[in-house]
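Okay, structure first, notes after.
The values are calculated or read from the model by the stated rules, or taken from the named source; none is laboratory data. The model shown is predicted, which means the values in this text are computed figures rather than measured ones. Reconstructed Cβ throughout: ideal geometry from the backbone, glycine too, with neighbour counts over all protein chains shown.
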Amino acid sequence: MDEGEERDLIVRAKSDPEAFGELYRRYVGRIYNYHYRHTGNPTEAEDLTSRTFFRALRSINSYRDKGASFQAWLFRIAHNLVVNWYRDTSRHPSVALDNAPPLHSPVQAPHEYVEAQEERAYWLQMLAGLPEDRKTLLILKFVEQMSNMEIAAVMGKSEGAIKALYHRTLISLRDMIPEGWPDEV
């Protein structure tokens, strides 16, 4: 769908629930993935995703195309919910019991699977140590493949601030990697 078609769909969505449903189908996977990457919990991600689209539906009449994409507007809503989620979970921590990793992978040899899981755990641990805004930046940049302008709209910052944050984030990640990695992981 090109930008013109999406703009028409957004205008229709202000009065037609079916049109909003098309927008939902287009973005639900990306919004869910964004929430899942922050929470690591499918139930929390589903809840945050439904709240994101509920707020979007409730606010669709106030949406104005101000140069940022509709996607950036949706991710801004999702970002605000994630910020609230981080604040709430830091006050009331919990442990998820239903997120056990699979025991084996039928595609890989056991030692390859273990090595891949160790590397993945190492990266997740490094990312978990980053502040929320830096995690959000990396998710939007590398997973959602958004431009700096779109990320700036989502995070409520200037494009220059996003570039500076990106630079600082990469430097801090580089400094966290031990010498000789990945052999040490």
### Task
Working carefully through the options THR89, THR52, find the one that is surrounded by 20 or more Cβ atoms within 10 Å (Cβ to Cβ), of a type in the set (Ser, Thr, Tyr) and not assigned by TED's automatic domain parsing to the domain that holds LEU130.
THR52
### Query
Within the set of pairs 6+ apart or on separate chains, which have a first residue in the range 71-88 that is closer than 15 Å to ASN41 by Cβ, a second that is assigned to a helix (DSSP H, G or I) and among the basic types (Lys, Arg), and C-beta atoms under 6 Å apart?
LEU81/ARG51
### Message
Checking ALA96 against (1) under 21 Å from the mean Cα position of the chain (by Cα); (2) modelled with pLDDT of 80 or more; (3) exposed (fewer than 14 other Cβ atoms within 10 Å of the Cβ); (4) in a loop (DSSP other than H, G, I, E, B): exactly one of these is not met. Which one?
### Response
(2)
### Message
Looking at ARG12, ARG30, ARG51 in this structure, which one is of a type outside the set (Gly, Ala, Ser), in contact with an Asp or Glu (Cβ under 9 Å, 6 or more places away or on another chain) and over 17 Å from MET155 (Cα atoms)?
### Response
ARG12
